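The values are calculated or read from the model by the stated rules, or taken from the named source; none is laboratory data. None of these values were measured; they are calculated from a predicted model. Cβ placement follows ideal geometry from the backbone for every residue including glycine, while neighbour counts extend to all protein chains displayed. In case anyone asks, the SASA skips ligands and DNA or RNA and just uses the protein heavy atoms, side chains included. Shrake-Rupley method; radii C 1.70, N 1.55, O 1.52, S 1.80 Å.
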Amino acid sequence: MRRYVLDFQEIGPGQVADVGGKSVALAQLSRIEGVSVPVGFCVTTDAFQRNLADASAIDGLLDQLARLGQQDGEAIRALSAELRRTIQAITVPDEVATEIRRALAGLGEHLAFAVRSSATAEDLPTASFAGQQDSYLNIVGPAAILERVSACWASLFTERAVTYRLGNGFDHRKVKMAVIVQQMVVAQAAGVMFTADPLSSNRKVISIEARVGLGEALVAGLVNPDRFKVRDGQVVARALATKPLAIRALPGAGTGEAPIEPEAQGRPAVTDTQAVQLAQLGRKIEAHFGRPQDIEWCLAEDHFQIVQSRPITTLFPIPAAGDQENHVYLSVGHQQMMTDAMKPLGLSFWQLTTPRRMAEAGGRLFVDVTRLLASTTSRAGLLDAMGHSDPLFRDALETVLERGDLIETLPDGGPGGPPSSQLPAVETLAASETDPAIVEELIAHNQASVAALEREIESKSGSELFDFILEDIQELRRILFDPRSHQVFMTAIDATRWLNEHLKEWLGEKNAADTLAQSVSNNVTSEMGLALLDVADVIRPHADVVAFLQQVQAESFLDQLPALAGGHESQAAILAFLGQYGMRCAGEIDITRPRWAERPTTLVPVILTNIRSFGRGEAKRRFEQGRQQSQAKQAQILERLRRMDDGEHKAEQVKQKIAQVRTFIGYREYPKYGMVSRYFLYKQALMREAQRLVRTKLLREREEIFYLSFQELQELVRTSQLDDQTIQRRKQAFRAYQALTPPRVLTSEGEAINGTYRHGDLPAGALVGLPVSGGTVEGRARVILDLDQAEIEPGDILVTTYTDPSWTPVFVTIKGLITEVGGLMTHGAVVAREYGLPAVVGVENATQLIEDRQRIRLHGTDGYIELLP
């Protein structure tokens, strides 16, 4: 039997589909001892559906809405308005109106009520939908309340709510609207409370915003609130606002603005004692729901009432530590230039590959450095290493240490001290070593090992395949963590650092090694960018092929090329490129990401740009130009040094270090290339296995294996058993994780710290970052978040969140690089220096602060960006 009205006491936790998330939360709040909730009832989704049954036009409008995307602003606006008009024109059905009037009579229909939306996709753990539908305060009388109920139903289709659903993947037809009718509280003060600080994400700090009068002024942004921070039962921070006006309930009905007397405008909306009391209520509510809450409250007759509680969906999760100790975590993604969320299979492969078990949170990996920070000896080593690679990491760690309340310093040699906490010593080759045969031998061994894997994995399937992969991962780890391999690139990194420090001291040269590292040998990533220029050379003479590529959409386009004049040669060139580099892609450390060999259309825009922008032989010309610039820089530096006191000795030292950089720095890119080569072979074998699971109906599609860990997938193949809900839960969690931004440093209190640069005087409004490749350029900024959308012209300056090796093909077109993530020796920095591109990385929120196509000046030597008129 349909129920059109339910009292809060009749609503259970599993009734979101009947009453919406907000009503379920209010019902639970009303059962918490010590928490007061204004009395009321819910008009159910059955009433909403009964109301819509009288509007035949709704179906057609919803069909049109389903075909739109988030970018279709004008169409969304028009259809949303039409849907709202259609719904509000419907007379509330008699049987629904009768139940609402009966419920009002039970509470006292002469009283004032708040009428508020409660959608089924609202106040959910992964999407709050806060403010997306409408609320009405101080409504008196059954007729007025029925009118507002109809308005709440219609507000399911406000433009903002429709756009929000599109962005979060919710089906418009599956979202229903319930309505809360609740006795109005005439508040002396009201506001919101977050049981985790929304700015720092610290779970130990409660943040309270308070205003005189009703909370509507605060939610609408009409006034500034008083702000309180409460920790461990004490107000630890307070900021009071001037209060010129308040929103108050009007005597008849509705609300209005009321001025506050001048002498009262500076008084706090609540006292410190009341703020602490409110925080205690917040902790009680948080404990009931089991996660941090965003709570709306009001204060009437010095008594707090709670009118809403929803999960805070923007907090980055805390890694599960399994103890009650304090922990400090470093983001792996910031070091690997891949801060996107990873699917479970990708996370588990990375865990299998690395020698150290990492913490997982929000689809990302973190390294627990608590023990390293606790020892004064290892702490110094960690801070020094972080300072050289990414100063923001160091600053964030120093912020934690300076507070002094999270990490207890342990005596060296005691529990948690050396040797277990000691950072491994950095080994380098002899100062005179410059033999390129060392690199060639390492590369040859890696190539032979990958070739052997490719031959052997073809015949493996079932449980045998998983055993084989686990065994081969041990070979991968031996190669990745080969001491000789580390010596090679650490020698180059150390020589780069030595050159920059000494040449600045001796000659006043900033970042001199940037030019000296151009066009080195054995850099598989920079060679990849030049190789795509060679592909463009093959295709450029064939007009039919060029025209065809401009229309390409299907991934099967390579099969169609031979039918065109010049198609055979073009196909062969692209396939040869994919044969060498097809295992690469954006976010390639995640094995689940589609590779270029799987999605070759990703390369088409870059190929077309190369055809349009450059002439034949550009790759060779670029490399030779960089080599000559490096030689000229070296000659200039050595000549200047030889004119100094002890100049011959200094020049000889510098010459030796330059030789080490040019011989060994290119190898910095190879270990990762070898790793992703193996990952692609593992993936191809696992996808064959996934196809078998689809045939046997254990999976709906092959890609569902991405939502299982390696161990879970191995068990599924062994037992042919899988909880049907596991993959759906993982998909939902992954969508939520994608919306989160991971911090560089995360504490067990949930505090997210990204660090700040401590630069000297800079031009007003300059954006600051880490200089990683010298030079100053001016040009048009292209803010691009997805390589697939990389429409770049020569002379543009690329602005993006991060670049991994997959972005290298566009480096040949741009003349500068800005990223939000990165360090001195991350892949983008190494390749930018080799190509001679000025680059600044680690620029916080660069993709929001720099407008697409805005003119900017990039100072790659000093590490800042000017925004030009």
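Below are the figures for this structure:
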quantity	calculated
The stretch 574-702 - Kirkwood radius from inverse mean 1/r over Cα pairs (Å)	19.2 Å
Per residue, in Å², the accessible surface of the stretch 450-503 once ligands and nucleic acids are set aside, probe 1.4 Å	47 Å²
Normalised per residue, the volume of the convex hull around the Cα set of the stretch 722-805 (Å³)	204 Å³
Whole-angstrom gap from the stretch 630-668 to the stretch 1-59, using each part's C-alpha centre	76 Å
Proximal lysines to Lys229, defined as alpha-carbon separation beneath 30 angstrom and excluding residues fewer than eight positions away on the same chain	Lys22, Lys204, Lys243, Lys284
Helix 710-719 axis, angle to the chain major axis (alpha carbon atoms, nearest 10°)	80 degrees
Loop-located chymotrypsin sites (Phe, Trp or Tyr not before Pro) in the stretch 451-553, at most 16 other Cβ atoms within 10 Å (DSSP)	Phe481
Inter-site label distance for Glu648 and Asp7 at 7 Å from Cα along Cβ, in nm	10.2 nm
Gain upon complete extension [Asn326, Asp72; 0.36 nm per residue less C-alpha separation]	86.7 nm
Dipole magnitude of the stretch 423-498 about its Cα centre (Cβ charges: Lys, Arg +1; Asp, Glu -1), debye to nearest 20	260 debye
Stokes-Einstein D (µm²/s) once Rh is taken as the Kirkwood radius of the chain over alpha-carbon pairs, at 4 °C in 1.567 mPa s	42 µm²/s
Charge dipole (debye, nearest 20) of the stretch 751-800; +1 at Cβ of Lys and Arg, -1 at Cβ of Asp and Glu	240 debye
Excluding exposed DSSP-loop GluC sites (Glu not before Pro) (at most 14 other C-beta within 10 Å), longest clean stretch of the chain	34-300
Per residue solvent-accessible surface (Å²) - the stretch 788-850, probe of 1.4 Å	21 Å²
Taking all pairs of distinct alpha-carbon atoms in the stretch 677-831, Kirkwood radius in angstrom	19.7 Å
Positive-end residue of Thr800, Thr776, Leu746, charge dipole of the stretch 742-823 with Cβ unit charges	Thr776
For Asp788, solvent-accessible area (1.4 Å; no DNA, RNA or ligand), Å²	60 Å²
Whole-percent carbon and sulfur share, accessible surface of the chain, 1.4 Å	49 percent
Rule-of-thumb Rg ratio for the stretch 276-335 [Cα; 2.2 N^0.38 Å; N residues]	1.54
With Cα atoms, 0 to 90° folded angle of helix 272-289 axis to the chain main axis	80 degrees
Kirkwood Rh and Cα Rg combined as Rg/Rh, the stretch 526-644	1.15
Ratio of the Cα radius of gyration of the stretch 1-122 to 2.2 N^0.38 Å, where N counts its residues	1.23
Förster radius 56 Å - calculated FRET efficiency between Ser432 and Gln789 (Cβ-Cβ, nearest 0.05)	0.70
Residue-normalised accessible area of the stretch 258-367, expressed per residue, 1.4 Å probe, Å²	41 Å²
Percent of Cα-Cα distances greater than 25 Å, calculated over the stretch 660-768	56 percent
Between 0 and 90°, nearest 10: helix 724-738 axis offset from the chain longest Cα axis	80 degrees
Long-range HN-HN contacts of Ala781 with modeled amide H, under 5 Å	Ile797, Arg853, Gln854, Arg855, Ile856
Per-pair calculated FRET efficiency, R0 = 25 Å: Thr98 and Gln183 via Cβ, rounded to 0.05	0.75
At 1.002 mPa s and 20 °C, Stokes D of the stretch 774-869 from Kirkwood alpha-carbon radius, µm² per second	169 µm²/s
